[in-house]
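The numbers here are math on the coordinates, done by the rules we state, and not lab data. Predicted model, so just to flag it, every value in this text is computed and none were measured. Backbone-built Cβ (ideal geometry, glycine too); neighbour counts: all protein chains shown.
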Amino acid sequence: MDDQAAGSPQDAHSVPVCYRHPDRETGIRCTRCERPICPECMVNASVGFQCPSCVRGGSGTGHAPGASRPRTLAGGTIAADPHLVTKILLGINLAVFVAVQAWPSLLNHLVLVGAWPPGPFGPTLGVAEGEWYRLVTAMFTHEAIWHIAFNMLSLWWLGGPLEEALGRARYLALYFVSGLAGSALTYLLAAPGTASLGASGAIFGLFGATGVLMRRRNYDLRPIIALLVINLIITFGWSSIAWQAHIGGLVAGVVIGYAMVHAPRERRALIQYGVCALVLAAVVLMTLLRTAQLT
């Protein structure tokens, strides 16, 4: 007779039960602590599944808690809510939209504009006058309801799976750097008095990274290619759209996405964030060149 206390769940069932849900039978055990776990408690690991307790704090094997923690495809930490950052980004965009609707004059301080009004009139405002923050604020600013609705639907559809595949930090880096690349290319190529706004640069960055991720996983690329082609047709067919933001974000997303999912494991973080730093350096260079032209 074993030493298990009488009356425990194991006495009542011939099949092991989940250590967190005693009413659920299971044949799966955590690969680290070997406790039985049900499908709801399973966390994918490089080999088999692990229980939530081992994922959160390690299993007491002598290794650091994060040393053998299961990772995403890109090396990020698996989170309890894999879509949290996407929800926060959605919330920020919606909050700025509501603020702009309540105080329309706020729009003038958030949109991306190179220099306005054109010389010799003054005083001038814009990125050329040192307002570099507009490269960021424009990424979260929308004026029309259709604009924010389309962008937020795209963010939710593309962002959630990407965040889950890359991890929070890498996904956030992809989003911000792609958005900044779109803003910088718009600043470089568009007329200095043209106002630009919207999350489209970052969204196109997610498009590019999604294509790279799907190819990495050998998924059918036709749906994402068809959707991208439709968006590019709209981009160049509608005169009021800043195509520069879309192209800048798309190129940055492809480059960063490739680094995220193809970097070798030994130097993964260095390559991933190094590529992000190089794209940011290109953003700074474009901004400095355009500022020199306008001042």
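Here are a few things to note about the model shown:
- A simple rule links phi to the HN-Hα coupling: the Karplus curve 6.51 cos²θ - 1.76 cosθ + 1.60 with θ = phi - 60°, which for segment 152-158 gives 6, 5, 5, 4, 5, 5, 8 Hz, with x for Gly and Pro.
- Structural descriptor for the chain: relative contact order 16 percent, calculated from alpha carbon pairs under 8 angstrom and at least 6 residues apart.
- For the pair L73 and N108, the difference between a 0.36 nm per residue extended length and the Cα-Cα distance amounts to 8.5 nm.
- Summarised as an ellipsoid, segment 118-263 has semi-axes of 29, 16, 13 Å, derived from the eigenvalues of the Cα gyration tensor scaled by 5 and square-rooted, with the largest first.
- Rounded if a/c under 1.5, otherwise prolate or oblate - the chain, Cα gyration tensor axes: prolate
- Global form of segment 128-201, assessed from the alpha-carbon gyration tensor, a/c cut-off 1.5: oblate
- Computed label-point distance, nm, for sites R267 and T194 using a 7 Å Cα→Cβ extension: 3.9
- Residue-averaged [θ]222 nm for the chain, counting only DSSP H segments that reach four residues, each worth -39500 (n - 2.57): -18000 deg cm²/dmol
- Cut-off under 5 Å, modelled amide H: who pairs with L125 long-range: W116
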